[in-house]
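Reviewing the structure listed below.
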Amino acid sequence: MPITYRSPLAGKAKVCRVAVLPFSNESKYPMGGLLLYRVFLAEMIASRRFVVVGEGDVRKVMAQQRLVPGETPGDEFYRALVEGLGVDVVVTGRVIQMEEVRKGREVEPRVAFWIEVRDAKNGRVIWSTYNRKKGGDYRKLMHFGVISTVTALAKRMCDEVLRDWEKEGLGGCER
């Protein structure tokens, strides 16, 4: 189960329109940040609880503000997102661990990440979630349920995070 911290400011923040910034990668897995970013973005859109701003639009604002992925955004960047894209919050993330560990003939994926939801007006963290899992954590019986790829594990973990957010009351646009 993910561990979620909810700031006292979270109750006051309206969360509907969301911009997701590219995730940073602190793991040794090549392109781990990009992989988790794309999986999380897809799961967030599929959840239908948010209006997610297009990746191209976010990258355009990043380029205009000369912000490279992984760099900490300043006030001007947040102001540009609010004015240009009308977002309520900005989601940032970092991959702490992503690897595929060999166990005999089998491979066990391991993933750990930290995702933060920031108020788009000032960049303050209103939610943060940490999740760490191994493919075997989903074992049901013998080998049934075991996840064997980092992509499948990341998808399952992102879905857990979004369900946790829903249970805690984050999101929920009226459409």
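On the basis of being open to solvent by less than 20 Å² (accessible area, probe 1.4 Å) and either assigned to a helix (DSSP H, G or I) or of a type outside the set (A, V, I, L, M) (or both), does residue 61 make the cut? Taking the combined requirement at face value, the residue satisfies it. For region 35-47, state whether one or more residues are over 12 Å from the mean Cα position of the chain (by Cα) and either assigned to a strand (DSSP E or B) or closer than 23 Å to residue 168 by Cα (or both). Yes, region 35-47 has at least one match.
Checked against the criterion of being open to solvent by less than 40 Å² (accessible area, probe 1.4 Å), modelled with pLDDT under 95, charged (D, E, K, R) and more than 23 Å from residue 131 (Cα to Cα), the candidates 75, 88 yield just one match: 88. Taking residue 117, is it within 17 Å of the chain's Cα centre (by Cα) and either exposed (fewer than 14 other Cβ atoms within 10 Å of the Cβ) or β-branched (Val, Ile, Thr) (or both)? It is true that residue 117 is within 17 Å of the chain's Cα centre (by Cα) and either exposed (fewer than 14 other Cβ atoms within 10 Å of the Cβ) or β-branched (Val, Ile, Thr) (or both). Would you confirm, using the coordinates I've provided, whether residue 83 is at pLDDT below 90 and either small (Gly, Ala, Ser) or loosely packed, with under 14 Cβ neighbours inside 10 Å (or both)? Criteria not met by residue 83.
Within region 153-168, residues that are within 15 Å of residue 117 (Cβ to Cβ) reach partners that are open to solvent by 80 Å² or more (accessible area, probe 1.4 Å) and modelled with pLDDT under 90 with beta carbons closer than 7 Å, at six or more positions or on different chains, in the pairs 168/6.
Screening residue 27 on (1) of a type outside the set (Val, Ile, Thr); (2) open to solvent by less than 30 Å² (accessible area, probe 1.4 Å); (3) over 16 Å from residue 17 (Cβ atoms); (4) not in a loop (DSSP other than H, G, I, E, B) shows it passes everything except condition (4).
Against the test of being within 21 Å of the chain's Cα centre (by Cα), open to solvent by 40 Å² or more (accessible area, probe 1.4 Å) and in contact (Cβ under 8 Å) with a residue 12 or more places away in the chain, the options 69, 109 yield a single qualifying residue, 69.
The values are calculated or read from the model by the stated rules, or taken from the named source; none is laboratory data. Since the structure is predicted, the reported quantities are computational estimates derived from the model, not experimental observations. When we count neighbours, we look across all protein chains shown, and the Cβ atoms used for this are built from the backbone with ideal geometry, even at glycine. With ligands, DNA and RNA removed, areas are computed over all heavy atoms of the protein, side chains included. Shrake-Rupley method; radii C 1.70, N 1.55, O 1.52, S 1.80 Å.
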